[in-house]
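Encoded as structure tokens, the structure appears first; notes follow it.
The values are calculated or read from the model by the stated rules, or taken from the named source; none is laboratory data. Just so it is clear, the model here is predicted, and its values are computed rather than measured. All Cβ positions, glycine included, derive from the backbone under ideal geometry; neighbour counts span all protein chains shown. The area values use the complete protein model at the heavy-atom level, side chains included, leaving out ligands, DNA and RNA. Shrake-Rupley method; radii C 1.70, N 1.55, O 1.52, S 1.80 Å.
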Amino acid sequence: AGLDIAKDNARTVLTWGRTMPNEDVFQPNIKEVQGWMSTQEDYEIQHRQILECLIENNIELLYADYTGVGKPVIDRLTHAVGEHVEIVPYNFSQPSKSDMWFALQEDIRTGRLIIPGNKNVRQTDDFVNFEQQMKGLLKSYKGSYLVASAEAGEHDDYCDSIGLFVLAGNSDVQEDIAEEGFNPFFDG
């Protein structure tokens with residue numbers, strides 16, 4: 001999952017889904033969005049809403065905005081469910097956001113990001129807001145950094161959330177499996 005924490009009149013957005021192994025083991029996982037939760041409630045209510053969503057959807061890994069107001073919200077979430085959900089605090093900076101945008105752009109370009117869009121989904125407020133924000137996202141470069149931002153007066157909460165979701169989907173959350181076998185360097 002990816003969580004973008006709101007400030008001011010924006011929305012806090014949680015995007016979650018599942019990952020599937022890529023046929024090419026050297027490529028990142030395929031990610032499929034399974035839902036959004038968005039809210040503009042106060043942070044106390046948001047905390048409960050996010051917790052419920054993490055639990056109901058059996059989220060194992062969460063990449064979360066750890067910038068500004070995101071720090072205390074994520075610290076509190078980590079304290080509440082850190083034993084059950086791996087929470088990765090992600091500090092937004094020009095380099096880190098550029099990495100996130102490049103990962104999102106590449107997953108879109110290669111078809112590794114699946115966003116269901118059947119008739120029922122397209123009628124939800126979350127899908128309408130997601131689509132509107134993605135269509136309104138402006139892409140530019142500052143040196144080698146990819147910068148994506150909303151048009152003046154618009155928001156990019158869903159965009160940041162899905163970017164964090166992609167980073168989570170690219171993470172390796174599988175347990176390390178040690179293999180034993182013959183090693184000629186240690187023979188004898």
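Over the chain, what is the mean sequence separation of C-alpha contacts under 8 Å (at least six apart), divided by residue count, expressed as relative contact order in percent? Please report the intermediate quantities before stating the final value.
Values: 280 pairs, mean separation 54.5, N = 188.
Once normalised by length, the contact order is 29 percent.
Between N91, N118, N58, the Gaussian network model of the chain with springs among Cα atoms under 10 angstrom shows the greatest mean-square fluctuation at N118. Return the single residue from D126, D157, D65 with maximal mean-square fluctuation; model: Gaussian network over the chain, springs between Cα atoms under 10 Å. For the chain, modelled as a Gaussian network with Cα springs under 10 Å, the answer is D126. Treating r as the C-beta distance of D126 and N9 and R0 as 22 Å, the FRET efficiency rounds to 0.80. With 29 Å as the limit, the listed pairs K7/K119; K97/K135; K97/K119 have K7/K119; K97/K119 beyond it between alpha carbons. By the rule of a C-alpha distance below 13 Å, with chain neighbours fewer than 8 residues away ignored, the aspartates and glutamates paired with K139 are E151, D156. The mean accessible area for residues of the chain, using a 1.4 Å probe and ignoring ligands and nucleic acids, is 61 Å² per residue. Got a number for carbon plus sulfur as a percent of the chain's accessible area, 1.4 Å probe? Reported share for carbon and sulfur atoms: 48 percent.
Spatially, the stretch 77-142 and the stretch 26-61 are offset by 12 Å when compared through their Cα centroids.
For the chain, a Gaussian network of Cα nodes joined below 10 Å ranks I108, I59, I30 by mean-square fluctuation, and the top entry is I108.
Using the Cβ-Cβ distance between N57 and S144 with R0 set to 25 Å, the FRET efficiency works out to roughly 0.10.
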